[in-house]
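In what follows, a single structure is set out as structure tokens and then discussed.
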Amino acid sequence: MLKKKALATAIASLGLAMPVAHAEEAASPITGNLTFTTDYITRGLSQTGNSPALQGTVEYGHSSGLYVGAFASNVSWPGDFFGPTAPGADAATGGGANTAISNSLEIDVYAGFRNKFAGDFTYDVGAVYYYYPGRYNLDTSFVPGLKKPHTGEIYGALGWKWITAKVWYAVTDGVFMVGDARGTYYANLSANVPVGDTGFNIIAGVGTWKWNGEMELYKNNGFKNDVFDLVDWKLGATKDWGGFTWGLFYTGSTADGYTDNPRLAVWTDRFGKEVGKDTVFLSVTKAF
């Protein structure tokens, strides 16, 4: 994340005829960015039904390595996944007719500690809470075990130069609306490789999401939460130009739309669309 530069306030003594001393520029401890993306993809899955998203991040970082921050984005997946089935879609998709979900925003708050060690190595440990404000009148008679989408994870990362390995571990019982899922984890290996002095960076990553537990709906049908297991990948490039960072990415996953029971939807929204399919998206970011 780029750090904003600001002129420090010049210091002068009151009542004394002294020359003003000019302070050196200091990096602001508060950083952030705004991003427009043609699709909000995370862990190989579209969070906006393949529609655009406007996102923002603000973070405070202390020189010790301690940091706190928040991220926000528009989303559509809670209602798309568990709202009433759209007309003409498979009846197994989405929730029951009495389900009432109203949500269009994701707010993530996070805090942690990161630093360098042994030259080019880095580490990062922390926690994040994903919050989705809205109305959730959940029809658990139609989808037994369904939870509100709010989710807490702890994470740890180890990096070397442009390579990072990171793991997120769910500590809440509900994990993105799936019940009895504490212990679910996502592991990712990513690279951000600069291409000489061109200003281009090659972005690549692969991850795996392993689900724990037995939500009632799936248990009652002879399955466990591991029906949500997937592997995802991402490949792309970024370029700083005109004060913005431009990105082009290709992403996909092994996310299955249905279980072995074709009437039991998994990574399929209420319109019958599988949200983990291969796709290409663009992004533009302004750091401040």
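The values are calculated or read from the model by the stated rules, or taken from the named source; none is laboratory data. Since we're looking at a predicted model, the values are computed, not measured. Reconstructed Cβ throughout: ideal geometry from the backbone, glycine too, with neighbour counts over all protein chains shown.
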Given (1) in a strand (DSSP E or B); (2) in contact (Cβ under 8 Å) with a residue 40 or more places away in the chain; (3) small (Gly, Ala, Ser), Ser102 misses just (2)
The correct count of residues that are of a type in the set (Ser, Thr, Tyr) and part of a strand (DSSP E or B) in segment 140-168 is 3
- Message: So for segment 181-189 (the condition being buried (at least 16 other Cβ atoms within 10 Å of the Cβ), in contact with a helix residue (DSSP H, G or I) (Cβ under 6 Å, 6 or more places away or on another chain), modelled with pLDDT under 95 and not in a strand (DSSP E or B)), does at least one residue qualify?
- Response: no
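In segment 234-266, what count of residues is obtained for those that are more than 19 Å from the chain's Cα centre (by Cα) and among the hydroxyl-bearing types (Ser, Thr, Tyr)?
Going through segment 234-266 one residue at a time, the tally reaches 2.
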Screening Thr285, Thr245, Thr238, Thr279 for residues that are at pLDDT 95 or above, among the β-branched types (Val, Ile, Thr) and out of contact with any Gly (no Cβ under 9 Å at 6 or more places or on another chain) leaves only Thr245
Would you confirm whether any residue within segment 169-176 is under 15 Å from the mean Cα position of the chain (by Cα), of a type in the set (Ser, Thr, Tyr), assigned to a strand (DSSP E or B) and surrounded by 15 or more Cβ atoms within 10 Å (Cβ to Cβ)?
yes
Within segment 248-268, residues of a type in the set (S, T, N, Q), at pLDDT 90 or above and either out of contact with any Phe, Trp or Tyr (no Cβ under 8 Å at 6 or more places or on another chain) or loosely packed, with under 15 Cβ neighbours inside 10 Å (or both) come out as Thr254
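Quick check, is Ala91 of a type outside the set (Lys, Arg), surrounded by fewer than 17 Cβ atoms within 10 Å (Cβ to Cβ), at pLDDT below 85 and touching a strand residue (DSSP E or B) at 6+ places or on another chain (Cβ under 7 Å)?
No; evaluated as a whole, the condition is false for this residue.
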* Residue in segment 197-215 that is buried (at least 20 other Cβ atoms within 10 Å of the Cβ), over 18 Å from the mean Cα position of the chain (by Cα) and modelled with pLDDT under 95 present -> no
Point to revise | Test: residue in segment 31-52 that is charged (D, E, K, R), at pLDDT 60 or above and not in a strand (DSSP E or B) | key: yes
Of the conditions (1) in contact with a Gly (Cβ under 8 Å, 6 or more places away or on another chain); (2) at pLDDT below 95; (3) of a type outside the set (A, V, I, L, M, F, W, C); (4) buried (at least 18 other Cβ atoms within 10 Å of the Cβ), the single one that Thr57 does not satisfy is (2)
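Does segment 131-139 contain any residue that is at pLDDT 95 or above, farther than 26 Å from Tyr258 by Cβ and in a strand (DSSP E or B)?
Taking every residue of segment 131-139 in turn, at least one turns out to be at pLDDT 95 or above, farther than 26 Å from Tyr258 by Cβ and in a strand (DSSP E or B).
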Q) Do we find a residue being under 18 Å from Ile41 (Cα atoms), surrounded by fewer than 19 Cβ atoms within 10 Å (Cβ to Cβ) and in contact with a strand residue (DSSP E or B) (Cβ under 7 Å, 6 or more places away or on another chain) anywhere in segment 131-148? A) yes
In segment 198-216, residues that are in contact (Cβ under 8 Å) with a residue 40 or more places away in the chain and touching a Leu at 6+ places or on another chain (Cβ under 8 Å) total 4
